[in-house]
1. Those residues that are within 14 Å of Gln97 (Cα to Cα) and either part of a helix (DSSP H, G or I) or touching a Gly at 6+ places or on another chain (Cβ under 9 Å) (or both), I need them from region 141-170; list them, please.
2. For Asp102, all conditions in the list (1) under 20 Å from Ala65 (Cα atoms); (2) part of a helix (DSSP H, G or I) hold save one; what is the number of the exception?
3. Please specify each residue of region 198-218 satisfying the condition of being within 30 Å of Ala125 (Cα to Cα), among the aliphatic types (A, V, I, L, M) and either modelled with pLDDT of 95 or more or in contact with a Phe, Trp or Tyr (Cβ under 9 Å, 6 or more places away or on another chain) (or both).
4. Residue by residue through region 60-71, note down the ones that are among the β-branched types (Val, Ile, Thr), over 11 Å from Gly114 (Cβ atoms) and open to solvent by less than 20 Å² (accessible area, probe 1.4 Å).
5. Could you please find all residues in region 140-165 being more than 16 Å from Pro105 (Cα to Cα) and either surrounded by 21 or more Cβ atoms within 10 Å (Cβ to Cβ) or among the basic types (Lys, Arg) (or both)?
6. Looking for something open to solvent by less than 20 Å² (accessible area, probe 1.4 Å), closer than 24 Å to Asp102 by Cα and within 25 Å of the chain's Cα centre (by Cα) - is there at least one such residue anywhere in region 10-18?
7. In the set Pro181, Pro255, which member is open to solvent by 70 Å² or more (accessible area, probe 1.4 Å), outside any helix (DSSP H, G or I) and either at pLDDT below 85 or out of contact with any Leu (no Cβ under 6 Å at 6 or more places or on another chain) (or both)?
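The values are calculated or read from the model by the stated rules, or taken from the named source; none is laboratory data. In this text, all values refer to a predicted model and were calculated from it rather than measured experimentally. Cβ atoms come from the backbone with ideal geometry, glycine included; neighbour counts cover every protein chain shown. To get the accessible areas, we keep the full protein, side chains included, count just its heavy atoms, and leave off ligands, DNA and RNA. Shrake-Rupley method; radii C 1.70, N 1.55, O 1.52, S 1.80 Å.
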Amino acid sequence: GCIQDLMHATVHSSSPSLYATLRLFLQSFHSNKRLREVDAMLLRLYNPILWRSLQVASPTVRAQATGLLIDAFPLQNPDMGTIEAAALLQKQLDMLQALLLDPEPHVRVAAVVGVCRVLSVFWEAIPLHVTKQYVTRLVGSLAFDSSSALVRLAVVEGLTELLEQPLAHPVLKQALPLTAPLLHDKAPRVRSAFVGLLQKVKAVRDIKFYQVVPVEHLLARFAIDAPKASSKALSARMADLLLNSYFPQVRPSLPPSLPPSSSH
């Protein structure tokens, strides 16, 4: 009863600092989901709280409930049958899909962060068609959310995190080029995060950053930002991106050494 009260208080907290503190406390249970009793307990206690809270009128409650759903994902009971467990997992995946479409930007940000985290950790456990639906939603619409730069920023940062999952690379190789216009986003934070994404791509063997954004666009953006004092840091990151790759630093070759003279 005490734990369930804390779960309820976390979801309905009106103070961001209190929400963060309570969420950190509950993480002690979430991090022990490997224990069968804890895993089953989380599902039992969250069941009457989360599903209702994810659909209430308050966007703050919906966003905070989204954070807890991600922390506890996947909610499950190890003693469930296969069919019942699959249905419960699908319910959570469907809920995350709906949250990506939430009318409130604050909730969409929480959903984007959560979906990218779930994909990065549980890629193998999620059906491929569901994974592709998530990625398509991220790069096809949320990356260009005109109502909120924070949503666009969350997508870029989430995709950067997702690059840590090697199994995601084949899907991302096809999807990331769709995000190329973000290099010219009107929000400096989004542009900066996108260059960080390209730097992360540069370290991936199977994806080339110039396949995500044509080099001509990178040079054009560099020419725009380089003269601006406010964009010096971003210009430096772009220079670092291009050097040693598109402009490899080749040392001049030394003249061949002369053969030793022969004596007669």
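1. Initial filter on region 141-170 (within 14 Å of Gln97 (Cα to Cα)): 141-142.
Once the filter is applied, which keeps residues that are within 14 Å of Gln97 (Cα to Cα) and either part of a helix (DSSP H, G or I) or touching a Gly at 6+ places or on another chain (Cβ under 9 Å) (or both), region 141-170 yields only Leu142.
2. (2)
3. As a first pass, look at region 198-218 and keep what is within 30 Å of Ala125 (Cα to Cα): 198-209, 211-212.
Imposing the further condition that a residue be among the aliphatic types (A, V, I, L, M) reduces the set to 198, 201, 203-204, 207, 212.
Result: Leu198, Val201.
4. The initial filter retains those residues of region 60-71 that are among the β-branched types (Val, Ile, Thr), namely 60-61, 66, 70.
Of the ones still in play, those that are also over 11 Å from Gly114 (Cβ atoms) are 60-61.
Val61, the sole residue that qualifies.
5. If the condition is that a residue be more than 16 Å from Pro105 (Cα to Cα) and either surrounded by 21 or more Cβ atoms within 10 Å (Cβ to Cβ) or among the basic types (Lys, Arg) (or both), then Leu159, Leu162 are the ones that fit.
6. Of the residues in region 10-18, the ones open to solvent by less than 20 Å² (accessible area, probe 1.4 Å) are 10-11, 13.
Remaining after also requiring closer than 24 Å to Asp102 by Cα: 10-11, 13.
Of the ones still in play, those that are also within 25 Å of the chain's Cα centre (by Cα) are 10-11.
Within region 10-18, one or more residues are open to solvent by less than 20 Å² (accessible area, probe 1.4 Å), closer than 24 Å to Asp102 by Cα and within 25 Å of the chain's Cα centre (by Cα).
7. Numbers: Pro181 fails: outside any helix (DSSP H, G or I).
It is Pro255.
Residue-wise test of (1) open to solvent by less than 30 Å² (accessible area, probe 1.4 Å); (2) more than 18 Å from the chain's Cα centre (by Cα).
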{"position": "Arg23", "(1), (2)": "no, yes"}
{"position": "Ala40", "(1), (2)": "yes, yes"}
{"position": "Pro48", "(1), (2)": "no, yes"}
{"position": "Arg52", "(1), (2)": "no, yes"}
{"position": "Ser58", "(1), (2)": "no, yes"}
{"position": "Leu101", "(1), (2)": "no, no"}
